[in-house]
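**Q** Before I ask anything, here is the structure I am working with.
The values are calculated or read from the model by the stated rules, or taken from the named source; none is laboratory data. Since the model is a prediction, treat every value here as computed from it, not as a measurement. As a convention, Cβ positions derive from the backbone with ideal geometry for all residues, glycine included, and neighbour counts pool all protein chains shown.
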Ligand code: H2U
Ligand code: ZN
């Protein structure tokens, strides 16, 4: 124990939400880097692109016409991975197990303006996105067959996003998917033992320690979680106990929008590029029963490591053994915090 220093010595950190460990090797951050560091030219996009299938008034691939929407626009994914009326059944054959899965996929355009990303939108406009997420969570979750509503965004072609028009997706499932199910299990166990929501206690401790706080407003906090895997991974958390988006007041929706805007602008400033990431909201499953162990939160997993073009690859050791990072979460938090303008 003597001399053990998290900023210097190899160690494992526990992800309390999944129960998995991440290997941290801070000394490796000092190794020489011979790769290139390039800036990529800022992309300029028109506010309206006649070829974009998400722009107002345009035709989608399936032939449907988008209305000339003015704020947000939500529609059923024309190529949904989940369908509400797919055939029910199961395969129960010893080592060969399969279960049918029903659900619904939706696409949510954040803005009619093709040139924008969240970081260029006003707090009020982002709050409209938050309200649309809430409405989707509630309507999809109210359906008898739906247990979980996953809201997410893939931003940037490096994350597999097919279209730069600002948009996200919503997939609603019959069964709680793997990662929310892990988080449900860990939060439930903590609540059963301590009588308090785990992430509420966690944020309280982070507010005392301060090292991983990126941004605070009255109702929301942005932090780099202690167990972050991606170099600049962050989490947005409500400062009060809120099991889902449905429990946010209109003041809190605005504060959430402010946190989203501040974080996405800080990210863009970090490597001077429209910062790619996958983000997603985890919140209470829409199953009957007590969900008080849940604290809603949003994860951001950006792939960039060193510059606009140098990304972290989750390969080799990460694929075969354990997720791993070099510099610590505390360094990342400082970098992102310093990039807030
Ligand atoms: P990305 O967010 O990963 O770019 O995906 C966009 C989604 O939009 C994708 O799931 C859907 C695709 O199926 N889509 C439509 O529903 N209609 C279209 O006309 C094009 C794309
Ligand atoms: Zn567009």
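**Q** Which of the residues belonging to region 302-323 are crowded, with 19+ Cβ neighbours inside 10 Å and not in a loop (DSSP other than H, G, I, E, B)?
**A** The one that is crowded, with 19+ Cβ neighbours inside 10 Å and not in a loop (DSSP other than H, G, I, E, B): 304.
**Q** Does region 33-56 contain at least one residue that is over 30 Å from residue 307 (Cβ atoms), modelled with pLDDT under 95 and exposed (fewer than 11 other Cβ atoms within 10 Å of the Cβ)?
**A** So the first thing to find is which residues in region 33-56 are over 30 Å from residue 307 (Cβ atoms), and the list is 48, 50-51, 53, 55-56.
Now narrow it down to the ones that are modelled with pLDDT under 95: none.
Within region 33-56 (the criterion being over 30 Å from residue 307 (Cβ atoms), modelled with pLDDT under 95 and exposed (fewer than 11 other Cβ atoms within 10 Å of the Cβ)), the answer is no, since none of the residues qualifies.
**Q** If you check 107, 130, which single one turns out to be at pLDDT 95 or above and part of a strand (DSSP E or B)? Quick ask: steps written out before the conclusion?
**A** Values: 130 fails: part of a strand (DSSP E or B).
It is 107.
**Q** Only one residue in 146, 151 is within 16 Å of ligand 1 (Cβ to nearest atom) and in contact with a helix residue (DSSP H, G or I) (Cβ under 6 Å, 6 or more places away or on another chain). Which one?
**A** Numbers: 146 fails: within 16 Å of ligand 1 (Cβ to nearest atom).
Going through 146, 151 in turn, just one is within 16 Å of ligand 1 (Cβ to nearest atom) and in contact with a helix residue (DSSP H, G or I) (Cβ under 6 Å, 6 or more places away or on another chain): 151.
**Q** Checking residue 70 against (1) away from ligand 1 (no atom under 14 Å from the Cβ); (2) farther than 30 Å from residue 252 by Cα; (3) surrounded by fewer than 17 Cβ atoms within 10 Å (Cβ to Cβ): exactly one of these is not met. Which one?
**A** Only one criterion is unmet by residue 70, namely (2).
**Q** Follow-up question, since we're still on this one. If you go through region 94-109 one residue at a time, do you hit one that is more than 14 Å from ligand 1 (Cβ to nearest atom) and on the phi > 0 side of the Ramachandran plot?
**A** Quick first cut of region 94-109, residues more than 14 Å from ligand 1 (Cβ to nearest atom) only: 94-102.
Filter once more, keeping what is on the phi > 0 side of the Ramachandran plot: 94.
For region 94-109, residues more than 14 Å from ligand 1 (Cβ to nearest atom) and on the phi > 0 side of the Ramachandran plot: present.
**Q** Filtering region 324-341 down to residues that are part of a loop (DSSP other than H, G, I, E, B) and modelled with pLDDT of 95 or more, which residue is surrounded by the fewest Cβ atoms within 10 Å (Cβ to Cβ)? Even if it seems obvious, please write down each step before you answer.
**A** So the first thing to find is which residues in region 324-341 are part of a loop (DSSP other than H, G, I, E, B), and the list is 326-328, 339-341.
Filter once more, so that each one left must be modelled with pLDDT of 95 or more: 339-340.
Details: 339: 19, 340: 14.
Ranking the qualifying residues of region 324-341, first place goes to 340.
**Q** Turning to a different aspect of this structure: Out of the residues in region 75-113 that are over 15 Å from residue 140 (Cβ atoms) and within 16 Å of ligand 2 (Cβ to nearest atom), state the one that is surrounded by the most Cβ atoms within 10 Å (Cβ to Cβ).
**A** So the residue we want is 111.
**Q** Would region 7-14 turn up any residue that is within 16 Å of ligand 2 (Cβ to nearest atom) and either modelled with pLDDT of 95 or more or closer than 30 Å to residue 186 by Cβ (or both)?
**A** As a first pass, look at region 7-14 and keep what is within 16 Å of ligand 2 (Cβ to nearest atom): none.
Taking every residue of region 7-14 in turn, none turns out to be within 16 Å of ligand 2 (Cβ to nearest atom) and either modelled with pLDDT of 95 or more or closer than 30 Å to residue 186 by Cβ (or both).
**Q** Here is a further query. Kindly indicate which of 132, 142 is away from ligand 2 (no atom under 16 Å from the Cβ) and surrounded by fewer than 16 Cβ atoms within 10 Å (Cβ to Cβ).
**A** Numbers: 132 fails: surrounded by fewer than 16 Cβ atoms within 10 Å (Cβ to Cβ).
142 is the lone residue from the list that is away from ligand 2 (no atom under 16 Å from the Cβ) and surrounded by fewer than 16 Cβ atoms within 10 Å (Cβ to Cβ).
**Q** A follow-up question, please. Which of the residues belonging to region 165-206 are free of Cβ contacts under 8 Å to residues at least 24 places away in the same chain and at negative phi? Before you say what the answer is, go through the steps one by one.
**A** Step one: of region 165-206, the residues free of Cβ contacts under 8 Å to residues at least 24 places away in the same chain are 178, 181, 189, 193-196, 201, 204-206.
The answer is 178, 181, 189, 193, 194, 196, 201, 204, 205, 206.
**Q** Only one of 152, 226 is under 19 Å from the mean Cα position of the chain (by Cα), closer than 22 Å to residue 337 by Cβ and in contact (Cβ under 8 Å) with a residue 40 or more places away in the chain. Can you tell me which? Break it down into steps so the answer makes sense when it comes.
**A** Working: 152 fails: closer than 22 Å to residue 337 by Cβ.
Sole residue among the options that is under 19 Å from the mean Cα position of the chain (by Cα), closer than 22 Å to residue 337 by Cβ and in contact (Cβ under 8 Å) with a residue 40 or more places away in the chain: 226.
**Q** Would you say residue 124 is part of a helix (DSSP H, G or I), loosely packed, with under 13 Cβ neighbours inside 10 Å, in contact (Cβ under 8 Å) with a residue 40 or more places away in the chain and more than 14 Å from ligand 1 (Cβ to nearest atom)? Let's see the steps before the verdict.
**A** Values: part of a helix (DSSP H, G or I): yes; loosely packed, with under 13 Cβ neighbours inside 10 Å: yes; in contact (Cβ under 8 Å) with a residue 40 or more places away in the chain: yes; more than 14 Å from ligand 1 (Cβ to nearest atom): yes.
Taking the combined requirement at face value, the residue satisfies it.
**Q** For region 110-121, how many residues are more than 16 Å from ligand 1 (Cβ to nearest atom) and part of a helix (DSSP H, G or I)?
**A** Qualifying residue count, region 110-121: 2.
**Q** Here is a follow-up. Inside region 208-221, can you point out the residues that are in contact with a strand residue (DSSP E or B) (Cβ under 9 Å, 6 or more places away or on another chain) and in contact (Cβ under 8 Å) with a residue 60 or more places away in the chain?
**A** Of region 208-221, the ones in contact with a strand residue (DSSP E or B) (Cβ under 9 Å, 6 or more places away or on another chain) are 212-216, 219-221.
Answer for region 208-221, where residues must be in contact with a strand residue (DSSP E or B) (Cβ under 9 Å, 6 or more places away or on another chain) and in contact (Cβ under 8 Å) with a residue 60 or more places away in the chain: 212, 213, 214, 215.
**Q** Restricting attention to region 153-175, which residues are in a loop (DSSP other than H, G, I, E, B) and under 23 Å from residue 286 (Cα atoms)? Even if it seems obvious, please write down each step before you answer.
**A** If we filter region 153-175 for residues that are in a loop (DSSP other than H, G, I, E, B), which is where we start, we get 156, 160-166, 174-175.
Correct list: 174, 175.
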